[in-house]
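The values are calculated or read from the model by the stated rules, or taken from the named source; none is laboratory data. Predicted model, so just to flag it, every value in this text is computed and none were measured. No Cβ is skipped: glycine too gets one built from the backbone with ideal geometry, and neighbour counts run over all protein chains shown.
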């Protein structure tokens, strides 16, 4: 097994070590680990976390990495709000939501944090991008509600969220809001 064979066998930018084992069945697991480690040291691969690698020369969508680092998850909170123009502040890390344990990962491409939410509130997102560059992004309405709920916001003006009355009165927003605790509704009263 050599790096050229690995590049031709795996078309995606990001891959798992288990994929390498399935492709190169004649190689021992220890040899595969050694080779992956060697190529990482040489700068041909970037290790994102244990068992997850990126071909250094292939383009990578920063937001797509969140799906590889921790699943199930979707991008929300400050990152999604900034992408959607609701929060003017640029997020210092990619922030995501997960129904499992809260985690954070430091990679060569930045910090990825995952905030736990109740499984009943794990909804309201769609796939963005295409192919191996796809990622899950919260709908604008859900990103706002996640932010208010998980960051314990007490005032919309203090949070610097740019919300219109039409936005918070939309059908989708109201349907999502009905799933959240009452304290989130109280924060929104200054906009409604």
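Worth pointing out:
- Residue 57 being in a loop (DSSP other than H, G, I, E, B), without any contact (Cβ under 8 Å) to a residue 40 or more places away in the chain and within 21 Å of residue 111 (Cα to Cα): yes
- Residue 175 satisfies every condition listed in (1) more than 13 Å from the chain's Cα centre (by Cα); (2) surrounded by 15 or more Cβ atoms within 10 Å (Cβ to Cβ) except (2).
Quick grid of which residues meet (1) within 14 Å of residue 79 (Cβ to Cβ); (2) buried (at least 19 other Cβ atoms within 10 Å of the Cβ):
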site	(1), (2)
122	no, no
125	yes, yes
128	yes, no
132	no, no
152	no, no
155	no, no
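- Filter pass, residue 12 being under 20 Å from the mean Cα position of the chain (by Cα), over 21 Å from residue 106 (Cα atoms) and not assigned by TED's automatic domain parsing to the domain that holds residue 108: yes
- Verdict on residue 85 being surrounded by fewer than 21 Cβ atoms within 10 Å (Cβ to Cβ), in the same structural domain as residue 143 (by TED's automatic domain parsing) and closer than 29 Å to residue 191 by Cβ: yes
- Selection of the stretch 17-34 for residues being closer than 20 Å to residue 59 by Cα and either over 27 Å from the mean Cα position of the chain (by Cα) or loosely packed, with under 15 Cβ neighbours inside 10 Å (or both) yields an empty set.
- Matching entry among 66, 8, 37, 96 (being part of a strand (DSSP E or B) and either at pLDDT 95 or above or surrounded by 17 or more Cβ atoms within 10 Å (Cβ to Cβ) (or both)): 96
- For the stretch 99-113, the tally of residues that are more than 12 Å from residue 63 (Cα to Cα), surrounded by fewer than 18 Cβ atoms within 10 Å (Cβ to Cβ) and touching a residue at least 24 places away in the same chain (Cβ under 8 Å) stands at 4.
- Boolean, residue 144 is surrounded by 14 or more Cβ atoms within 10 Å (Cβ to Cβ) and outside the structural domain of residue 184 (by TED's automatic domain parsing): no
- Output for the stretch 79-94, where each listed residue is in contact with a helix residue (DSSP H, G or I) (Cβ under 7 Å, 6 or more places away or on another chain) and closer than 16 Å to residue 160 by Cβ: 80, 81, 84, 86, 87, 89, 90, 91
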